[in-house]
1. In terms of the Cα gyration tensor, with a ≥ b ≥ c the square roots of its eigenvalues, is the range 247-313 rounded because a/c is under 1.5, prolate because a/b exceeds b/c, or oblate?
2. In Å and on Cα atoms, what radius of gyration and Dmax does the range 65-182 show?
3. In square nanometres, what is the average projected area of the Cα convex hull of the range 198-313?
4. Rounded to the nearest 500 deg cm²/dmol, what is the calculated helix-only ellipticity per residue at 222 nm for the chain, with -39500 (n - 2.57) per DSSP H run of length n ≥ 4?
5. What order, most packed first, do the peptides 124-130, 165-171, 274-280 have when packing is the mean number of other Cβ atoms within 10 Å of each residue?
6. Quote to one decimal, in nm, the extra length available between ALA148 and LYS34 on full extension: 0.36 nm per residue of separation minus the C-alpha distance between them.
7. Considering only C-alpha atoms, what is the centroid distance from the range 31-105 to the range 295-309, in Å?
8. If you restrict to DSSP beta bridges whose two residues both lie in the range 185-259, what percentage is antiparallel, to the nearest 5?
Amino acid sequence: MRAGIDRREFVRQSAVVAATALWPRTTSGRQSAKTKLILLGTGGGPRPRKTSSQPSQVILVNDTPYVVDCGNGVARQLVLAGVPLPKLRHIFITHHHSDHNADYGNLIWLAWASGLRTRVDAWGPPPLEKMTTLFFEMNAYDIKTRIADEGRVPLVPLVHVRELSQGGSVMQDENVKVTAALVRHPPVVPAFGYRFDARDRSIVISGDTAPSDNLIKLAQGADVLVHEALYLPGVDRLVAGVPNATSLKQSITSHHTTAEDAGRIAQAAGVKMLVLSHFVPAEGRAGTDRIWIDAGRVHFRGPVIVGKDLMEI
Ligand SMILES: [Zn+2]
């Protein structure tokens, strides 16, 4: 160890180097792990951007995709990630903000237009059922035409929606057990975080939340915690000059978590790795990985990964 660098700084720098050196192939060296996490979109907020797609991630267990959130562009991001759209099987929506659900219907519809012929299950807060029904109604012309003209199977009967109003067990199949927890994202209620327990790994997705005790409980001992992250000085820049700056900042800070607090939560939950994502502000992040990692590591002793679109973990 070089003189002038204390042990903590050395460990921290090593984590930065390790994370950087391994991306994008993998961030964890788990090439042989059956369960993979791919970040599809890592920028928070609904505005389309050049630099990052909107929130979504996919967990692949034995090649079955479990999609969590459907920000704008999720279908294309899955294609870029090499996940065949006709294999779409499970969708989980954390909450109904447009950066998390704008392409919920589009994902199912475009997967079907890409050859999907099998069942899709979707879970999320109310009114997911009504949104699904209205989406198919809105696009009935195309759906009907493609069934008649291209010989596709009827789409509507393939999709099964279950609305969630409280935390607890969501589903279990041969690959994974999924559990939800209510998180704090006022005024959007309910809003959920999800935990996926596969045989080889456990992965938790925070959704949007202020620091949440329920999330700490949900994430106990998990291998990976993907947590949303806010950078306060960046928020000041984000709201500067807008007429509603005070209320906008108040809104952003009241239902999100700083990267430093995300580290505190990761430490309290005893997770093995913290992945920061859903960055606010989403823009102007180039070259700022170190700022986010430093914030995440104030309280968390494990590795902190700065999420990037299409990063595999
Ligand atoms: Zn939100």
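Quick note: the coordinates plus some simple rules give every number you see, no bench work behind them. Just so it is clear, the model here is predicted, and its values are computed rather than measured. Here the Cβ positions follow ideal geometry from the backbone for every residue, glycine too, while neighbour counts run over all protein chains shown.
1. In terms of gyration-tensor shape, oblate.
2. In order Rg, Dmax, the Cα atoms of the range 65-182 give 14.0, 44 Å.
3. Numbers: hull surface 29.3 nm².
Seen from a random direction, the Cα hull of the range 198-313 projects 7.3 nm² on average.
4. -9500 deg cm²/dmol
5. Going from most to least packed, we get 274-280, 124-130, 165-171.
6. 37.1 nm
7. 21
8. Working: 4 of 8 bridges.
Looking only at bridges with both residues in the range 185-259, the antiparallel portion is about 50 percent.
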